[in-house]
1. Please specify each residue of region 201-229 satisfying the condition of being assigned to a helix (DSSP H, G or I) and either of a type in the set (S, T, Y) or closer than 17 Å to L384 by Cβ (or both).
2. Which condition does I136 not pass, out of (1) farther than 30 Å from Q311 by Cα; (2) touching a residue at least 24 places away in the same chain (Cβ under 8 Å); (3) hydrophobic (A, V, I, L, M, F, W, C), if it passes all the others?
3. Looking at (1) under 19 Å from E261 (Cα atoms); (2) surrounded by fewer than 18 Cβ atoms within 10 Å (Cβ to Cβ); (3) among the β-branched types (V, I, T), which is the one condition that is false for V325?
4. For N185, all conditions in the list (1) surrounded by 13 or more Cβ atoms within 10 Å (Cβ to Cβ); (2) part of a helix (DSSP H, G or I); (3) of a type in the set (S, T, N, Q) hold save one; what is the number of the exception?
5. Would region 270-282 turn up any residue that is under 30 Å from S172 (Cα atoms), in the same structural domain as Q199 (by TED's automatic domain parsing), more than 19 Å from the chain's Cα centre (by Cα) and part of a helix (DSSP H, G or I)?
6. From the set of residues in region 186-228 that are of a type in the set (D, E, K, R) and in contact (Cβ under 8 Å) with a residue 40 or more places away in the chain, which is nearest to Q277 (Cα to Cα)?
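The values are calculated or read from the model by the stated rules, or taken from the named source; none is laboratory data. The model shown is predicted, which means the values in this text are computed figures rather than measured ones. So basically every Cβ, Gly included, is an ideal-geometry build from the backbone, and we count neighbours across all protein chains shown.
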Amino acid sequence: MNKHTNHFISNSRRIFLAGLGKLSLLTAGAWFTPQFAFAKKEDASDATQKITGNAPIKDGRVKLVIPPLVENGNLVVLKVSVDSPMTANDYVKAIHVIAEGNPLPNIFTAYLTPRSGTANITTRVRLADSQTVWAIAQMSDGSFWSGSAETLVTLSAEAQTKQKQSSYELMSSENKAMQDDASLNPAMFWVTDGQALWQEKLGPKNTACASCHGDVKQSMRGVAAQFPKMIKGKLQTLEGQINACRMNTQKAPQLAYESKELLLLTALIAMQSKGMQITVQKNTANAAQMNQGEQCGSIKEWGSSTLSCAQCHEDRAGLKLGGSVIPQGHPNAYPIYRLEWQTLGSVQRRLRNCMSGVRAQQFDYGSSEMAQLELFLMWRAKGLLMESPGVRP
């Protein structure tokens, strides 16, 4: 795609949290390494063969208990027990769970030792749909035993992910109140200062934003909900268009990304779309740019931790990472005052944070790659209400 492509490492079976710190479960002496990444359903037999090689799998000794009917495919309680004395000469080395209807069937592996005491595990898994789930016990003598159970998922994890949800819904009541109340929302300081900057006359023509656009509440109503957009054959973000106006009309120098002045104007303009639906559409003019953005966000491995935007905010939205629920990653509240930052920031700053987190090379502020990714994300959030300027933890 571009010079950054070679930073995407192709290995579709790398673990979800590699490089971010291993997230493991310790239950009944067993150490779990969850693998929630998605692939194709037909990989179930391949996953089983990789575990067993050419060894036969015998029925028995393994009991798998899973609810026959579940409403929420995101959190399904699963219990596995294996008949084993768990002695130094006869014990269970590993328990592998295969969900044949999940895109990546091998949903987790538990490694045990004689010191585990019992071969019993309980955990929660994510099921993409109704299916048969298998538990394969790998014994110390090299044999394999299995047990299975069927479950009917009335609302699959995939179906739930498709329901668009703003990150606002995941916040505490205190943080929601902070965003909703203009007297509590720290981002309103930027909006207030932005109103003054809107009236400030600049350049040799002594021109202000208001000179051309008048009352910001009228002229900028609904504008932010349409960006990024194609303007004169170029994909332009809201920040990019502000700078284009400064250079072409005011004859003033452009503002640096994440500078106070650019954030002031962006927050002011974005606020005029608050409560309005995102209206970014895919059309012949922006199709190529949007496809590039989608490709960037959906590449299966991104950076040295082999984690893409889609793997986190599509496949794992609703799960927890470090005690926090993983959001769908919609940009409907930007620019946001992030409590972690203690300041206002753009969506591009947040994207760069994510890139850094997965140890990928960060796209430059204002780059075509950033604009393409932002375009795709806004189209993906189409229909959600704008919340700008938002508050996030």
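1. Applying the first criterion (assigned to a helix (DSSP H, G or I)) to region 201-229 yields 209-213, 216-219, 224-226.
Within region 201-229, S211, S219, A224, A225, Q226 meet the criteria.
2. So the condition that I136 fails would be (1).
3. (1)
4. It is condition (2) that N185 fails.
5. yes
6. Going residue by residue through region 186-228, those that are of a type in the set (D, E, K, R) are 193, 200-201, 205, 215, 217, 221.
Add one more test, that the residue is in contact (Cβ under 8 Å) with a residue 40 or more places away in the chain, and what stays is 193, 205, 217, 221.
Values: D193: 26, K205: 36, K217: 17, R221: 12 Å.
The qualifying residue nearest to Q277 (Cα to Cα) is R221.
Per-residue answers, yes or no, for (1) more than 18 Å from the chain's Cα centre (by Cα); (2) not in a loop (DSSP other than H, G, I, E, B):
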position	(1), (2)
M355	no, yes
A360	no, no
F363	no, no
G366	yes, no
Q372	no, yes
L377	no, yes
G383	yes, no
E387	yes, no
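Each row is one residue, and each column tells you yes or no for (1) touching a residue at least 24 places away in the same chain (Cβ under 8 Å); (2) of a type in the set (F, W, Y); (3) more than 21 Å from A55 (Cβ to Cβ); (4) in a strand (DSSP E or B).
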residue	(1), (2), (3), (4)
S81	yes, no, yes, yes
A94	yes, no, no, yes
L104	yes, no, yes, no
L127	yes, no, yes, no
W145	yes, yes, no, yes
L152	yes, no, yes, yes
Y168	yes, yes, yes, no
